[in-house]
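Worksheet: the structure to be examined is printed underneath.
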Amino acid sequence: MTGTVIFRCNVSASVGVGHLMRCREMARYLGGIGWRSVLLGPPDNLRQSVDERLFAAWHPVEVRGPSDEDAARVLTLCEAHGTHYAVMDDYRVDPGYQEILRAAGVRWLQQFDTSRPWMFQPDLLVNASPYERREQYLPWLVEPERTRTLFGPAYAVLRPAFSGIAARADGRPVRRVLVAFGGGDDRGAIDQALRVLAGRLGPEVTLVIVSGAGNPRCEQIADVVSALPDGEAEFHVNPPDMAGLMRGCDLALIGGGTMSYEAAICGLPMVFVGLAPNQERSCRGWQNLTGAPFVGLVGTVPDEWLYETVSNLVEDDDRRRAMAVKGRSLVDGEGTRRLVEALLERERETT
């Protein structure tokens with residue numbers, strides 16, 4: 001039996017594009033089992049050719065408005081497509097919004113912002129952060145027996161290229177250091193990395209700078225990189241083979257978002273600079289489970305502390321090897337399947 005899932009997605013230069021990536025990959029999996037997906041939220045300028053296959057319909061939302069108005073948009077689409085299944089990859093789904101969905105009988109999966117806990121009542125509450133535990137959220141669940149919590153890297157949604165990626169050699173010398181902070185505004189993190197690390201990690205070390213085209217700082221970054229001596233840094237915007245590029249690196253300086261799971265499955269040791277408060281718990285979770293250093297939030301990290309942390313790790317082969325093994329053990333590339341199967345569980349049980 002098949003049907004339709006409505007996706008509500010929030011994406012922008014400030015929010016980043018990780019939400020849209022997750023929606024695309026869940027829609028890809030749903031399409032493979034005969035289900036249709038409808039996307040609500042992202043602007044038309046983010047459409048890619050692949051979206052024609054992934055989404056039966058794409059509905060931009062220029063101005064969200066109050067929660068009740070936005071919830072009404074979701075319910076209108078549910079009614080139009082004859083479905084009660086939804087994925088809310090939008091951190092603004094507040095308690096009032098949830099009340100409306102629950103009253104309408106929607107079964108939904110909700111990604112959420114760990115820096116802003118409020119009362120939750122979805123069928124599935126999801127966060128892939130290695131920091132989160134169900135017991136932490138019991139006081140925030142309206143009906144704990146009704147809400148299933150899917151927490152931890154096992155529920156990370158990865159692009160297909162990462163799911164089947166071949167293992168890299170652990171502990172190899174550091175020659176290429178990935179510096180990447182998602183597809184949106186890096187908030188100055190790349191500028192600091194270039195200023196502090198370029199040319200200071202050894203004559204054979206290159207900084208591999210990666211950014212999305214939606215980063216308003218791209219032109220500035222390109223100018224800085226072009227002014228550096230050959231071999232110190234290279235700059236990639238929306239590289240076509242991000243998985244291959246990451247696998248070819250030996251160390252990563254990144255934020256606490258989606259890229260952390262991609263780096264982990266690649267066996268890439270990590271250093272974290274959080275881009276926003278809602279990344280701090282995730283960064284600390286990776287630090288606790290793998291030893292990956294979290295140096296702080298962007299704008300608060302002293303230059304020399306960043307340099308010492310990265311340079312010490314460049315010199316410590318054993319530490320990097322241990323981090324790589326632990327990180328790879330936490331992410332297996334099956335997160336998308338797990339989430340979709342959990343969302344459709346009622347349908348499968350009825351069938």
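A few comments on the model shown:
- Mean accessible surface per residue for the range 83-162, computed with a 1.4 Å probe while every protein chain stays in place, in Å²: 37 Å²
- Most mobile listed residue (116, 73, 321) in the chain, GNM with C-alpha springs under 10 Å: 116
- Whole-Hz couplings from phi, Karplus 6.51/-1.76/1.60, listed for the range 93-109; x for Gly and Pro: 7, 7, x, x, 4, 4, 4, 5, 5, 5, 5, 8, x, 6, 9, 9, 9
- Heavy atoms of residue 76: accessible area, 1.4 Å probe, square angstrom to 10: 90 Å²
- Cut-off under 5 Å, modelled amide H: who pairs with residue 171 long-range: 321
- For residue 57, distant residues with modelled amide H under 5 Å away: 39
- Dipole-positive endmost among 251, 147, 238 within the chain (Cβ charges, Cα centre): 147
- Selection from 178, 208, 167 lying farthest towards where the dipole of the range 153-263 points positive, charges on Cβ: 167
- Spatial separation of Cα centroids for the range 147-207 and the range 81-134, in angstrom: 28 Å
- Phi-based couplings in Hz for the range 248-262 (Karplus 6.51, -1.76, 1.60; Gly and Pro marked x): x, 9, 10, 7, 10, 10, 9, x, x, x, 4, 4, 5, 6, 5
- Residue among 330, 77, 228 with the largest mean-square fluctuation in a Gaussian network model of the chain, springs linking Cα atoms under 10 Å: 228
- Around residue 58: net Lys/Arg minus Asp/Glu count, Cβ-Cβ under 14 Å: +2
- Solvent exposure of the range 209-351 as accessible area per residue, Å², 1.4 Å probe: 43 Å²
- Residues with amide H under 5 Å from that of residue 271, placed H, sequence gap 5 or more: 252, 253, 254
- Residues 305, 35, 108, 140, sorted by accessible area with the largest first, give 305, 140, 35, 108 [1.4 Å probe; ligands and nucleic acids excluded].
- Karplus-derived 3J(HN,Hα) values for the range 35-47, using 6.51 cos²θ - 1.76 cosθ + 1.60 with θ = phi - 60°, are 9, 9, 10, 10, 10, 10, x, x, x, 4, 5, 9, 5 Hz; glycine and proline are entered as x.
- About its Cα centre, the dipole of the range 1-150 is roughly 380 debye, where the only charges are +1 on Lys and Arg Cβ and -1 on Asp and Glu Cβ.
- About its Cα centre, the dipole of the range 284-351 is roughly 260 debye, where the only charges are +1 on Lys and Arg Cβ and -1 on Asp and Glu Cβ.
- The residues of the range 1-54 have, on average, 43 Å² of accessible surface per residue, using a 1.4 Å probe with all protein chains present.
- Between residue 337 and residue 50, residue separation times 0.36 nm minus the direct Cα-Cα distance comes to 101.4 nm.
- Taking the protein heavy atoms of the range 216-351 in the context of the full set of protein chains, the accessible area attributed to carbon and sulfur is 47 percent at 1.4 Å.
- Helices in the chain, meaning DSSP H runs of at least 4 residues, each add -39500 (n - 2.57). Divided by all residues, the mean residue ellipticity at 222 nm is -11000 deg cm²/dmol.
- The portion of the accessible surface of the range 79-210 made up by carbon and sulfur, rounded to a whole percent, is 51 (1.4 Å probe; DNA, RNA and ligands excluded).
The values are calculated or read from the model by the stated rules, or taken from the named source; none is laboratory data. The model shown is predicted, which means the values in this text are computed figures rather than measured ones. Every residue, glycine as well, gets a Cβ built from its backbone with ideal geometry; the counts of neighbours run over all protein chains shown. Ligands, DNA and RNA are excluded from the accessible area calculation, which covers all protein heavy atoms including side chains. Shrake-Rupley method; radii C 1.70, N 1.55, O 1.52, S 1.80 Å.
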